[in-house]
1. Shape verdict for segment 77-179, please, from the Cα gyration tensor: rounded (a/c under 1.5), prolate (a/b greater than b/c) or oblate.
2. Can you tell which of GLY53, ALA66, GLY22 lies farthest toward the positive end of the dipole of segment 1-124, using +1 and -1 charges on the Cβ of basic and acidic side chains (Lys, Arg; Asp, Glu)?
3. Rounded to the nearest whole Å², what accessible area per residue is found for segment 32-147 with the 1.4 Å probe?
4. What is segment 1-47 by shape, rounded, prolate or oblate, if you read a ≥ b ≥ c off the alpha carbon gyration tensor as root eigenvalues and call it rounded for a/c under 1.5, prolate for a/b larger than b/c, and oblate otherwise?
5. What is the spin-label model distance, in nm, from ASP62 to SER111 if the labels are put 7 Å beyond Cα along the C-beta direction?
6. Quick check on my link table: of LYS43/LYS122; LYS47/LYS96; LYS94/LYS122; LYS47/LYS163; LYS61/LYS97; LYS32/LYS163, which ones sit more than 24 Å apart, alpha carbon to alpha carbon?
7. For segment 117-180, with all protein chains present and a 1.4 Å probe, just round the carbon and sulfur fraction of the accessible area to a whole percent.
8. Between THR141 and VAL27, what is the label-to-label distance in nm when each label sits 7 Å out along the Cα-to-Cβ direction?
Amino acid sequence: MLSLTIEKRDLKLTPEKVRATGFMPAVYYGPKEASTAVSINAKEFGKVWKKAGESSVIILKDAAGAEHEALIHEVDIHPLSGEPRHADFYVIEKGKKVEVSVPLIFSGVSSAVKDKAGILVKVHREIEVEAAPRDLPHDVTVDISKLVELTDVIKAGDLVLPKGVELKIGADEVVASIAVAKEEVEEAPTAIDMSAIEVEKKGKAEVEGEAAAGDAKAPEKK
């Protein structure tokens, strides 16, 4: 299981001064844990966060040797650099199961997509599960090779979950399906009525001719 070493943070130091030393300010709390300010190695946190995300349990180890099972609850990201600058850890109560949203990983090749021009529709991109902290999966795989016909669907109950992991949404909830691409019908260009154009031109010419004749007949003013 992934782990991080934490150090109790001196609250007299500003977050900027903590970061200047290569560490990152953080806090952990939980149902049985008071909110505690700590600091962690910024580079180590980046590596663990990339692997664990917000659904895998990690172990927080302090200098006294105490360990806390926790989830990365929230991470504050710098708006320009994109680097994490603060983290909240939720410490799980011992002996309790936790409910989290786990990302779905779609794998395999669907015959309905490959051979029948269907379009894969990912109805869910994550799924809610419950398990003991150490049993929580990092992700759940969706095998789309089961989608053979255009009418096939994969439901939540079809997913293979690790031992000890319980599904927390309805088993009939559709996770993935196939959509049929609609053919675009090209409209034929509208035929141009040449007779109408000729009539319009003719009428215009007649009006211009009459106007010219009228100007020729007009008497000169003295």
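The values are calculated or read from the model by the stated rules, or taken from the named source; none is laboratory data. Worth saying up front: this structure is predicted, and the values here are computed from it rather than measured. Every residue, glycine among them, receives a Cβ derived from its backbone with ideal geometry; neighbour counts consider all protein chains shown. Each accessible area value is taken on the protein alone, full model and side chains, heavy atoms only, with ligands, DNA and RNA left out. Shrake-Rupley method; radii C 1.70, N 1.55, O 1.52, S 1.80 Å.
1. Values: a/c = 3.15, a/b = 1.55, b/c = 2.03.
Here segment 77-179 falls in the oblate category.
2. It is GLY53.
3. Numbers: 6410 Å² over 116 residues.
I get 55 Å² per residue for segment 32-147.
4. On the way: a/c = 2.82, a/b = 1.15, b/c = 2.46.
It comes out oblate by the Cα gyration axes.
5. A separation of 5.9 nm, rounded to one decimal place.
6. Working: LYS43/LYS122 34 Å; LYS47/LYS96 27 Å; LYS94/LYS122 35 Å; LYS47/LYS163 27 Å; LYS61/LYS97 21 Å; LYS32/LYS163 27 Å.
Where the Cα-Cα span goes over 24 Å, the pairs concerned are LYS43/LYS122; LYS47/LYS96; LYS94/LYS122; LYS47/LYS163; LYS32/LYS163.
7. Values: 1740 of 3460 Å².
Taking all protein chains in place, segment 117-180 shows 50 percent carbon and sulfur surface.
8. Label at THR141, label at VAL27, 4.0 nm between them.
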